[in-house]
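Data first, discussion second: the structure below is written as structure tokens.
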Amino acid sequence: MTRYILGLLIIFSTLYGYKEVRLNAVQAQGLGIKDIPIKNPSITRGVPFNAFIDFDNKDSTTQSSTFDVVVVAIYRREGEQIRQGNEICEISSNELNNLFFELENTQNKHRVAEEIAKKDKDLFQAGVISQREYQQSYLASRELYLKLSQLRNTFKLFGIDPDKPRGSFGFRVVASASGILSVAPKNTGEKIPAFTPYVRISKNNNLLARIKIPLSVSDYVLPGSRVYSEKGQYVGDVSSVSVVVDKNNNSITAIADLKEGVFRVGEIADVYIEGKQPKGTYIVPSNAVIKNAKDNLIFIKTPNGYAPKVVQIIEKRSKSFVIDGKGFKGNEQIASGALVALKGLINNIGVGGAQ
């Protein structure tokens with residue numbers, strides 16, 4: 001009976017090659033149809049991507065070792081505000097012990113060589129020894145000074161104060177700058193491989209998102225693309241897109257500068273990226289387009305119902321279509337949802353049907 005009554009309410013008029021379907025809001029809702037704007041930024045978000053939230057380290061300082069080390073004590077944690085010289089942790093390794101022994105040995109040798117060079121200078125000025133003898137002791141002192149400077153700089157690069165390298169358990173790692181501790185050891189006993197930063201100090205609290213993009217959709221992500229949160233709120237923009245493929249998961253990494261939203265460093269968040277959209281097109285959800293014979297149809301909201309319109313699909317994407325925008329003003333509302341009901345009505349299925 002319902003289908004019969006609905007059939008009586010439908011009046012057809014020729015429009016866009018098909019006939020307009022007259023439905024009121026209550027009838028449309030009963031058929032499971034919703035109206036959406038054809039120009040809808042939220043639809044361009046596509047599918048969600050995993051994003052690792054991290055500090056923006058464009059202006060940061062890192063400290064690492066050229067060989068493996070073990071963390072033996074922790075005094076500061078990631079996220080803390082620190083000042084230059086603050087003790088962060090203590091590390092240890094056989095190589096560090098050997099390097100420290102070499103530092104002490106070179107310091108002692110340099111001290112002796114410097115005293116000899118000073119005495120030889122006095123003897124040369126007094127005419128007791130030749131200039132050549134004085135030059136030899138002076139050059140020996142300078143060579144040891146250069147070696148000592150190199151060893152001291154090596155400790156400084158590791159974040160270890162060469163004037164006070166030893167702590168209670170190992171070698172003291174101190175902050176080489178002031179800022180936010182964005183990377184720090186998490187557990188004692190942790191082994192840190194060579195050339196892996198165990199300390200990173202950021203001079204600001206700006207955040208970024210490292211977003212994994214499947215290679216299959218990477219062409220739609222460009223620098224400048226807007227990034228949205230899981231709730232559809234604007235949070236930032238893509239600043240760069242890597243050209244290097246991660247072969248482990250066949251993806252690339254996009255970096256987004258976060259400007260809005262509440263995020264925590266270290267969390268994995270779902271974000272959406274506004275994809276590249278060809279000029280003169282609209283992106284509509286897949287449930288707003290339906291196939292009717294050879295035609296792809298959308299249904300434009302009219303004062304009395306819906307007007308079918310044939311559209312050209314430019315691209316098929318995940319859960320959406322890119323359609324040619326020719327003939328649209330951009331302010332239209334279109335039907336989405338159970339379009340099979342509207343398709344049936346334009347083909348006279350249901351008119352005078354089951355009672």
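The values are calculated or read from the model by the stated rules, or taken from the named source; none is laboratory data. Note that this is a predicted model, so its numbers are computed, not measured. No Cβ is skipped: glycine too gets one built from the backbone with ideal geometry, and neighbour counts run over all protein chains shown. Side chains are part of the model used for accessible areas, which takes the heavy atoms of the whole protein and leaves out ligands, DNA and RNA. Shrake-Rupley method; radii C 1.70, N 1.55, O 1.52, S 1.80 Å.
Overview of values
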read-out: From Gln125, Gln135, Gln81, Gln131, residue being polar (S, T, N, Q) and closer than 30 Å to Val70 by Cβ; value: Gln81
read-out: Pick from region 302-327, criterion at pLDDT 80 or above and among the polar types (S, T, N, Q), ranking: surrounded by the fewest Cβ atoms within 10 Å (Cβ to Cβ); value: Gln312
read-out: Meets criteria (touching a Cys at 6+ places or on another chain (Cβ under 9 Å) and either open to solvent by 10 Å² or more (accessible area, probe 1.4 Å) or within 14 Å of Val69 (Cβ to Cβ) (or both)) for Ala194; value: no
read-out: Number of positions in region 208-236 that are open to solvent by 60 Å² or more (accessible area, probe 1.4 Å), without any contact (Cβ under 8 Å) to a residue 40 or more places away in the chain and assigned to a helix (DSSP H, G or I); value: 2
read-out: Residue, farthest from the chain's Cα centre (by Cα), within region 280-301, restricted to residues that are within 16 Å of Glu20 (Cβ to Cβ), aliphatic (A, V, I, L, M) and open to solvent by less than 10 Å² (accessible area, probe 1.4 Å); value: Leu297
read-out: Residue within region 88-109 that is open to solvent by 100 Å² or more (accessible area, probe 1.4 Å), of a type in the set (Phe, Trp, Tyr) and more than 15 Å from Val199 (Cα to Cα) present; value: yes
read-out: Residues that are over 30 Å from the mean Cα position of the chain (by Cα) and among the acidic types (Asp, Glu), drawn from region 144-191; value: Asp161, Asp163
read-out: Candidate set: region 46-77, residues that are under 12 Å from the mean Cα position of the chain (by Cα) and assigned to a strand (DSSP E or B); chosen: the one surrounded by the most Cβ atoms within 10 Å (Cβ to Cβ); value: Ala51
read-out: Only listed residue being assigned to a strand (DSSP E or B), closer than 30 Å to Lys329 by Cβ and in contact with a Ser or Thr (Cβ under 7 Å, 6 or more places away or on another chain), chosen from Ile300, Ile283, Ile255; value: Ile283
